[in-house]
1. Where does each of 9-18, 80-89 land if you order them by average Cβ count within 10 Å, highest first?
2. Per 0.36 nm of contour for each residue apart, how much would the distance between Val47 and Gln145 grow if the chain were fully extended, relative to their Cα-Cα spacing?
3. Could you work out the helix-only [θ] at 222 nm for the chain, with each DSSP H run of four or more residues adding -39,500 (n - 2.57) and the total divided by the number of residues, to the nearest 500 deg cm²/dmol?
4. Under a crude label model (7 Å from the Cα following the beta-carbon direction), how far is Gln156 from Phe126 in nanometres?
5. Only bridges with both residues in the chain count here: give the DSSP antiparallel percent, nearest 5.
6. Where nothing but the Cβ of Lys and Arg (+1) and of Asp and Glu (-1) is charged, how large is the charge dipole of segment 6-181 around its Cα centre, in debye to the nearest 20?
7. I'd like the chymotrypsin sites (Phe, Trp or Tyr not before Pro) in segment 106-183 restricted to DSSP loop residues with at most 13 other Cβ atoms within 10 Å, sorted by number.
8. Hey, which lysines would be in cross-link range of Lys152, C-alpha to C-alpha under 23 Å, not counting anything within fewer than 8 residues on its own chain?
Amino acid sequence: MTVGKLIVLTGPSGVGKGTLLRSLRQRHPELYLSISATTRTPRPGEVDGVDYYFLSRSEFEEKIAQDAFVEWAEFAGNYYGTPRQSLETQMAQGHWVILEIEVEGARQVRRTFPEALLVFVRPPSFAELERRLRGRDRDSEDAIQRRLERAKEELQAADEFDVQVTNAVVEEAIRELEAAVFA
Ligand code: 5GP
């Protein structure tokens, strides 16, 4: 049976994982991006089934009980998880799948899929991470504080992952990511 490669992009919120991923997928449209489920409220412009599957807490907990997630975690007061079925279908068809998830979920993926490539994206500095989180103007002050608190722990976990990419200059970070994925 052919099995596709699984690639995980992790690192603190605000570091630019989404930007790197969009760019990587523009250059390699064959990569399949897993759409996560979350209990977070949609931000303006976010579309259900495109950006995330937006679920209530009880819907999410029901899916946990059904073992419907490959991994899930609680992050800054909300649940986030990777739906099992589409990921397994894509991989069984030999497609390469990318997940963009926080650190706790990435650890779970490592346990379930030891072959996965785990890439940790670092900010050039903590001050720059804070500047980016504030600059994107997406979250309340409370949410930003929770994300910054969590980022301190997440940054300490960087060494656990296969590859580290520092997102200082986006074009360079993309080249490093591309080199790691297509090594
Ligand atoms: P945001 O609320 O900014 O969209 O995402 C918050 C954090 O949750 C980000 O670090 C993002 O990568 C992570 N995240 C998104 N989807 C998932 C998922 O399915 N599982 C886990 N563990 N984290 C996720």
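1. Details: 9-18: 23.7, 80-89: 17.6.
So the order, starting with the most tightly packed, is 9-18, 80-89.
2. Working: separation 98, 0.36 × 98 = 35.28 nm, distance 2.52 nm.
Net length gain for the segment: 32.8 nm.
3. On the way: 7 runs with 77 residues, N = 183.
Mean residue ellipticity at 222 nm (helix-derived): -12500 deg cm²/dmol.
4. If labels sit at Gln156 and Phe126, their model points lie 1.1 nm apart.
5. Values: 8 of 25 bridges.
Given both bridge residues lie in the chain, the antiparallel proportion sits at roughly 30 percent.
6. Working: 23 positive and 31 negative charges, 64 e Å.
The calculated dipole for segment 6-181 is roughly 300 debye.
7. Phe182
8. Answer for Lys152, where 23 Å is the Cα cut-off: Lys17, listed by chain and number.
Throughout, read-outs are computed from the coordinates displayed, never taken from laboratory work. Not measured: the values here are computed from a predicted model. Reconstructed Cβ throughout: ideal geometry from the backbone, glycine too, with neighbour counts over all protein chains shown.
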